[in-house]
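See structure below.
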Amino acid sequence: MKILVVEDDHRIATSLKKGLELEHYTVDLAFDGIEGYDLASDAKYDLILLDLMLPGMDGLEICRKLRQETNHTPILMLTAKSSIEDKVTGLNDGADDYLAKPFAFEELLARIKALSRRPQQVINTVLKYQDLTVNLETFEVTRANKKIILSQKEFQLLETFIKHQEKVLSKNQLIDYIWSYDADILPNTVEVNIRNLRQKIDVPFKKPLIQTIRGFGYKLSVHV
C-alpha cells in the first residue's frame with residue numbers, strides 16, 4: 001500500500017514516514033501544498049494523509065481540486081483544528097476521514113486500515129490468483145496452501161502484481177508504486193527483487209506465475 005503524506009512540519013512528516021514504513025507501507029512526503037497536489041495528481045496512491053494548514057495551497061483546496069478531477073484516492077485530513085465546523089467543511093470538500101492533532105499513532109493506523117477496507121476504494125483484503133493467495137492485512141502469502149515468507153519489498157512487489165494480474169507492468173511503473181518518490185534506486189533493483197520473489201513464488205512449484213515480457217516489463221500470469 002502506497003501512502004502520500006502532505007505535512008509541512010518536517011518533524012511530524014518524518015516521524016509518520018518512519019512509523020508507517022515499519023508497518024510495511026510505502027511512503028512519499030511532500031512539505032507544501034503545491035508539491036503535495038502535484039504528487040497526488042501525477043502518481044498513484046492508495047491513501048493521502050493531508051494536513052489542513054499548508055503553505056502554497058491548503059489541504060481543503062487540494063482536496064477540492066483532486067475531487068473535481070475525479071481523483072477518488074481516500075483522503076485522511078490531519079489538522080490541529082478540531083471544531084465541528086472544520087470537520088464538516090473538510091468532509092464536504094471530499095475528505096474521507098478527519099483526525100485532529102495531537103493523535104496517537106495507533107489511532108492513525110486504525111483509521112488507515114478502516115479506509116483501506118472500504119469496498120468502493122480498494123480491492124478485497126484477500127487477493128487471489130490461481131493457487132496464490134495474498135492477505136493485505138496479515139501479510140500472509142500462500143501458494144498451493146503452503147506458507148511463503150517474503151521480505152517487505154517482495155511482498156509489496158507481489159501485491160502490485162496481484163492487483164494488476166494479467167497486465168504488463170514496466171520497471172518504471174514498479175519503481176513508482178513500490179519505492180518512495182525520493183528513494184535512490186539502482187538500475188538492477190527491480191530485477192534483483194523479482195529474481196528473489198521468483199525463488200519463493202515460482203521455483204518450488206511447477207507452474208511459474210511471474211512472466212517476463214521482453215522489451216515491456218513483467219506480469220502475473222500463467223501465459224507469457
Single residue of the range 23-50 satisfying the filter (in a loop (DSSP other than H, G, I, E, B) and modelled with pLDDT of 95 or more) that is nearest to Phe155 (Cα to Cα): Phe31
From (1) polar (S, T, N, Q); (2) surrounded by fewer than 18 Cβ atoms within 10 Å (Cβ to Cβ); (3) touching a strand residue (DSSP E or B) at 6+ places or on another chain (Cβ under 7 Å), pick out the condition that doesn't hold for Thr26. (2)
Hits in the range 136-160 - residues which are of a type outside the set (A, V, I, L, M) and either within 16 Å of Glu21 (Cβ to Cβ) or surrounded by 13 or more Cβ atoms within 10 Å (Cβ to Cβ) (or both): Phe139, Glu140, Thr142, Arg143, Ser151, Gln152, Lys153, Glu154, Phe155, Gln156, Glu159, Thr160
Search result, residues across the range 131-186 that are closer than 27 Å to Ala30 by Cα, in contact (Cβ under 8 Å) with a residue 24 or more places away in the chain and in contact with a Ser or Thr (Cβ under 8 Å, 6 or more places away or on another chain): Leu136, Glu137, Gln156, Leu169, Leu174, Tyr177, Ile178, Trp179, Ser180
Could you tell me whether the range 116-133 includes any residue that is at pLDDT 90 or above, surrounded by 15 or more Cβ atoms within 10 Å (Cβ to Cβ), within 17 Å of the chain's Cα centre (by Cα) and β-branched (Val, Ile, Thr)? no
Suppose we keep only residues that are without any contact (Cβ under 8 Å) to a residue 40 or more places away in the chain and farther than 16 Å from Leu158 by Cβ within the range 193-224. Which one would you say is surrounded by the most Cβ atoms within 10 Å (Cβ to Cβ)? Val224
Scan the range 53-82 residue by residue and report those that are within 21 Å of the chain's Cα centre (by Cα), closer than 16 Å to Ala100 by Cβ and among the aliphatic types (A, V, I, L, M). Ile75, Leu76, Met77, Leu78
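The values are calculated or read from the model by the stated rules, or taken from the named source; none is laboratory data. Remember, predicted model here, so these are calculated numbers, not experimental data. In this analysis, Cβ positions are derived from the backbone assuming ideal geometry, glycine residues included, and neighbour counts consider all displayed protein chains.
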